[in-house]
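Here the structure comes first, spelled out in C-alpha cells, and everything after it is commentary.
The values are calculated or read from the model by the stated rules, or taken from the named source; none is laboratory data. Computed from a predicted model, the values in this text were never measured in an experiment. Note that each Cβ is placed from the backbone with ideal geometry, even for glycine, and that neighbours are counted across all protein chains shown.
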Amino acid sequence: MEHNIGQKTQGQEAVVKTEGPFIAQGSGSCLIESPLDPCAIVIMGACGDLTRRKIIRALFRLFQNDVLPDLFLIVGVDLNDMDTEAYRAFIKESIETLAGENLTEKDWNSFAAHLHYKSMDPESKSPYEELPGFLNEQFHDLHMPGNRLFYLAVPPAQYVNIIRDMGRAALSHENENRPGWSRVVIEKPFGRDLQSAQDLNRHIHQYFREDQVYRIDHYLAKETVQNILMFRFANAIFEPIWNRRYVDHVQITVAETLGVEHRAVYYEQAGVLRDMFQNHILQLLAMTAMEPPSLFEADRVRDEKVKIFRSLRPFPVGQLDNHLVLGQYTSGTIDGMPLPGYREEPNIDKDSLVPTFAMAKIFIDNWRWQGVPFYLRSGKRMAKKITEIAIQFKQVPNLMFRNVLDESIYSNVLVLGIQPDERITLTFQTKLPGAKVCLQPVTMDFHYSSVQEGTFLDAYEKVILDCLVGDHMLFVRQDGVEACWGFLSPILDACETCKDREQSLHYYSAGTWGPRRADDLMKDEGHVWRII
Ligand code: BG6
C-alpha cells in the first residue's frame, strides 16, 4: 500500500510504503501484529507516583485503543491497607486528570472492572506468599493461561529484596500450577557503577532468566529515537556517507529546563552522568553509530549496540579536562521566571559538588568512526528543553568557488530532532537568485507532526506494549548495561575521588546553555555547538 504521508518539502513529497497484515487499531495504524496473550499485569508499588503518573495512564490509553487483550487484569500490589474498591477510586483520579471531560462513566467502568488490589503485610517474611494463589484463582475464574507481567514501580533500592521475595514465592516460575510466561520490568538506574550493576544482574538471574527481564530506558521508546534505525537503514542514500570519510563530528544534546525537582535524595547520589549519560545518552550514541544489524530482530540490534559500547575509547583519566566538562547550575531565569541554584533547592547539600551538567568528547575506536569526535552534552535548567542529534558533515574538498565567494561555505548538517520538535532537517547550499554568485544555506525539513496516519504511542505505552508482546528490541540487555558502566565507572571514580573536585566543577546560570568551558572545549577542536 502506498501512502502519501509527507509534508511538501521543497516541492517533493515523502512517500511511505506499508505492507503486511497489521491489526488496524483506531485510525488504521500499525500497533500490533496479532492479538496479545491474555495476562495479568502486576504492579509492585501500585500506589506510587510512577504508577499513577505513567503506568496506569499508559494502560488506560492502550485499553482505549483496544490494544490490550480481551482477557487481562491489572493487579496493584502495595503496602497501603485498602481494598480493590478503594484502589479503583484512588486510580480514577489519575485517569480523570489524563482524560479530562472525555472520560465517560462507561469507559471508566469497563477499565475499572479489570483493576484489583492486593495489600502486602510489611512485617511478613514472605510478603508475596499469597500472590500466586490470588493470581491462580483469577486465572481459573477467567479461564486464562497463567501469563504474568510484573512491573517493579518501586525505588531501585528495593529491587534486590523484591526480586528475592518474588523468587521465593515462585512468581518467576513459568510452569507452576498454570502454564504461562512470567516477565519482570525494571526501571533505571541499573546499579550505580559496574560492580553494583553486575551484582544486581547476578541477583536477578538467580530467579529470572535474561529473556524474562525487561530493563526500560524510556528514551528508546520515543518514536523519534526508534526512527533513527529506520532512517539510517531503510534509506540507501545516507548509509554510504555515514562514516569518518564524510562526517566531521556529531553533536548530541539532551537539554532540560527542569531542575532537580522533588528528587533531591536520588539526584545527590546520581548526578548527571549516572542519571542521563549511562543510559539515555549512550543509547542515543549507539543508535547513531551502530553498524546495520543483519536482521531487525531484538538480539541482533542489541548485539550491534553493545559493540559500540565496547568500542568507546576509555578516557585518559589523568587528563579528564580535555574530554569532560562538569557543571552545576546557579540561580537564573527561564522564561522570565527566577529560579534558585542547585544548592538552594530543597534537600540539596549546601556544598554539593554533584554535577547537573556534563559535556563529553567521545571517540569510537572502530573502522567506521575512527577519529570522529562525538560531543555529548546534557544538563538540567538549561535554556530550552531540546534533544537532538546533529551529524555535521565535512567541508567540500575543493573550494572551487573561492575566487567568486568572499565567505566560507557552510558544511552540510543533518539534524535528527528527538524532542520536543520531532523533525529531521538537512541543510545544504543553494545559489541565491541574482547575477552575483552567492550561496545560501537552505534547510529541508520533515516534521513528524505532518504525518497524518499512525497512532503516536507515548514511551510508557510503547514499553508496556512491547513487554506484553515479548519483544526485547527496546530494552537494555545485561551486557549492554555492564558495557556502559564499564566505560563510565573509571570516569566517575576519577571525578569523585580527585583532589581538585571543586575546581573541576564549572558553574552556569539557570536558563543558559551550560558552562562556558563546554563551548571552549569545542572551540579548541575548531567546532561550535549548533545550539547556543
Ligand atoms: C529520566 C531522568 O530518566 O529522564 C530525569 O531520571 C530526566 O532526570 C528525564 O528529567 C528526562 O526524560 P524526558 O523524556 O523528559 O527527556
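Considering the range 189-198, the residues that are over 11 Å from Tyr159 (Cβ atoms) and not small (Gly, Ala, Ser) include one that is nearest to the ligand (Cβ to nearest atom), namely Arg192.
When only residues in the range 326-358 that are surrounded by fewer than 16 Cβ atoms within 10 Å (Cβ to Cβ) and of a type in the set (D, E, K, R) count, which is nearest to Ala270 (Cα to Cα)? This residue is Asp349.
It is to be established whether one or more residues within the range 429-449 are closer than 30 Å to Phe60 by Cα and either touching a residue at least 40 places away in the same chain (Cβ under 8 Å) or charged (D, E, K, R) (or both). Give the steps one after another, and end with the answer.
First, the residues of the range 429-449 that are closer than 30 Å to Phe60 by Cα: 447-449.
Filter once more, keeping what is either touching a residue at least 40 places away in the same chain (Cβ under 8 Å) or charged (D, E, K, R) (or both): 447-448.
The answer is yes; a qualifying residue exists.
For the range 119-145, residues that are surrounded by fewer than 11 Cβ atoms within 10 Å (Cβ to Cβ), modelled with pLDDT of 90 or more and under 17 Å from Asn80 (Cα atoms) total 0.
Here is a check on your reading of the model: is Asn398 out of contact with any strand residue (DSSP E or B) (no Cβ under 7 Å at 6 or more places or on another chain), farther than 18 Å from Thr257 by Cα, part of a loop (DSSP other than H, G, I, E, B) and within 16 Å of the ligand (Cβ to nearest atom)?
Details: out of contact with any strand residue (DSSP E or B) (no Cβ under 7 Å at 6 or more places or on another chain): yes; farther than 18 Å from Thr257 by Cα: yes; part of a loop (DSSP other than H, G, I, E, B): yes; within 16 Å of the ligand (Cβ to nearest atom): no.
Spelling it out, it is not the case that Asn398 is out of contact with any strand residue (DSSP E or B) (no Cβ under 7 Å at 6 or more places or on another chain), farther than 18 Å from Thr257 by Cα, part of a loop (DSSP other than H, G, I, E, B) and within 16 Å of the ligand (Cβ to nearest atom).
Exactly one residue among Glu261, Glu268, Glu297 is out of contact with any Lys or Arg (no Cβ under 6 Å at 6 or more places or on another chain), over 29 Å from Ser352 (Cα atoms) and of a type in the set (Asp, Glu), and that residue is Glu297.
Restricting the first member to the range 178-190 and to residues that are of a type in the set (Lys, Arg) and at pLDDT 95 or above, and the second to residues that are within 16 Å of the ligand (Cβ to nearest atom) and not in a strand (DSSP E or B), no beta-carbon pair is closer than 8 Å while six or more apart or on different chains.
Tell me, yes or no, whether the range 199-220 has at least one residue that is acidic (Asp, Glu), without any contact (Cβ under 8 Å) to a residue 60 or more places away in the chain, closer than 30 Å to Ala170 by Cα and surrounded by fewer than 20 Cβ atoms within 10 Å (Cβ to Cβ). Scanning the range 199-220 turns up at least one residue that is acidic (Asp, Glu), without any contact (Cβ under 8 Å) to a residue 60 or more places away in the chain, closer than 30 Å to Ala170 by Cα and surrounded by fewer than 20 Cβ atoms within 10 Å (Cβ to Cβ).
Is it true that Glu239 is within 15 Å of the ligand (Cβ to nearest atom) and either acidic (Asp, Glu) or touching a strand residue (DSSP E or B) at 6+ places or on another chain (Cβ under 8 Å) (or both)? In short, no. Of the residues making up the range 242-266, just one is modelled with pLDDT of 95 or more, charged (D, E, K, R) and within 16 Å of the ligand (Cβ to nearest atom), namely Glu256. Go through (1) modelled with pLDDT under 95; (2) within 32 Å of the chain's Cα centre (by Cα) for Pro397 and report which single condition fails. That leaves (2) as the condition not met. If only residues of the range 267-311 that are hydroxyl-bearing (Ser, Thr, Tyr) and either surrounded by 16 or more Cβ atoms within 10 Å (Cβ to Cβ) or under 13 Å from Ile228 (Cβ atoms) (or both) are counted, the one that is nearest to the ligand (Cβ to nearest atom) is Tyr267.
Pairs linking a residue in the range 127-147 that is farther than 16 Å from His114 by Cα to a residue that is part of a helix (DSSP H, G or I) and among the charged types (D, E, K, R), with Cβ atoms under 9 Å and 6 or more positions apart or on different chains, are Pro127/Asp165; Tyr128/Asp165; Tyr128/Arg168; Glu129/Asp165; Glu129/Arg168.
Among the residues of this structure, Thr288 does not count as one that is over 17 Å from Arg263 (Cα atoms) and in contact with a Gly (Cβ under 8 Å, 6 or more places away or on another chain). Every condition in (1) more than 24 Å from Asn201 (Cα to Cα); (2) at pLDDT 95 or above; (3) in contact with a Leu (Cβ under 7 Å, 6 or more places away or on another chain) is met by Tyr508 except one, and the failing one is (3).
Count, please, the residues in the range 244-266 that happen to be more than 20 Å from Arg530 (Cα to Cα), in contact with a Phe, Trp or Tyr (Cβ under 8 Å, 6 or more places away or on another chain) and not hydrophobic (A, V, I, L, M, F, W, C). First the steps, then the outcome.
Our first condition is that a residue be more than 20 Å from Arg530 (Cα to Cα); within the range 244-266, this holds for 245, 258-266.
Within this subset, residues satisfying the condition of being in contact with a Phe, Trp or Tyr (Cβ under 8 Å, 6 or more places away or on another chain) are 259-260.
Adding the requirement that they be not hydrophobic (A, V, I, L, M, F, W, C) leaves 259.
Within the range 244-266, residues that are more than 20 Å from Arg530 (Cα to Cα), in contact with a Phe, Trp or Tyr (Cβ under 8 Å, 6 or more places away or on another chain) and not hydrophobic (A, V, I, L, M, F, W, C) number 1.
Selection over the range 33-51 of residues that are surrounded by fewer than 19 Cβ atoms within 10 Å (Cβ to Cβ) and out of contact with any Pro (no Cβ under 7 Å at 6 or more places or on another chain) gives a count of 5. List, please: which pairs have Cβ atoms under 7 Å, are six or more places apart or on different chains, and start with a residue in the range 254-272 that is under 15 Å from Gly511 (Cα atoms) and end with one that is in a helix (DSSP H, G or I) and near the ligand (Cβ under 8 Å from one of its atoms)? Pairs found: Val254/Met276; Val254/His280; Val260/Tyr267. Within the set His218, His173, the sole residue that is at pLDDT below 95 and more than 16 Å from the ligand (Cβ to nearest atom) turns out to be His173.
If you check Thr427, Thr455, which single one turns out to be within 22 Å of the chain's Cα centre (by Cα) and of a type outside the set (Phe, Trp, Tyr)?
On the way: Thr427 fails: within 22 Å of the chain's Cα centre (by Cα).
Criteria check complete, one pass: Thr455.
Going residue by residue through the range 408-418, is there one that turns out to be of a type outside the set (A, V, I, L, M), within 16 Å of the ligand (Cβ to nearest atom) and out of contact with any helix residue (DSSP H, G or I) (no Cβ under 6 Å at 6 or more places or on another chain)? Give the derivation first.
Going residue by residue through the range 408-418, those that are of a type outside the set (A, V, I, L, M) are 408, 410-412, 417.
Still in the list and also within 16 Å of the ligand (Cβ to nearest atom): 417.
Now narrow it down to the ones that are out of contact with any helix residue (DSSP H, G or I) (no Cβ under 6 Å at 6 or more places or on another chain): 417.
Scanning the range 408-418 turns up at least one residue that is of a type outside the set (A, V, I, L, M), within 16 Å of the ligand (Cβ to nearest atom) and out of contact with any helix residue (DSSP H, G or I) (no Cβ under 6 Å at 6 or more places or on another chain).
Annotation note: of Thr84, Thr104, the sole residue that is modelled with pLDDT of 95 or more and surrounded by fewer than 20 Cβ atoms within 10 Å (Cβ to Cβ) is Thr84. Residue pairs whose Cβ atoms lie under 7 Å apart, separated by 6 or more positions or on different chains, with the first residue in the range 368-395 and among the acidic types (Asp, Glu) and the second within 12 Å of the ligand (Cβ to nearest atom), are Glu388/Thr253; Glu388/Ile418. Only one residue in Ile386, Ile348 is under 20 Å from Leu282 (Cβ atoms) and within 16 Å of the ligand (Cβ to nearest atom). Which one? Every option except Ile386 fails the conditions.
Show me the helices (runs of 4 or more DSSP H) entirely contained within the range 457-525 in which 3 or more residues are in contact with a His (Cβ under 8 Å, 6 or more places away or on another chain). Steps first, answer last, please.
Values: elements: 459-469, 478-497, 516-524.
Output list reads 459-469, 516-524.
His203 passes every criterion in (1) within 15 Å of the ligand (Cβ to nearest atom); (2) at pLDDT 95 or above apart from (1).
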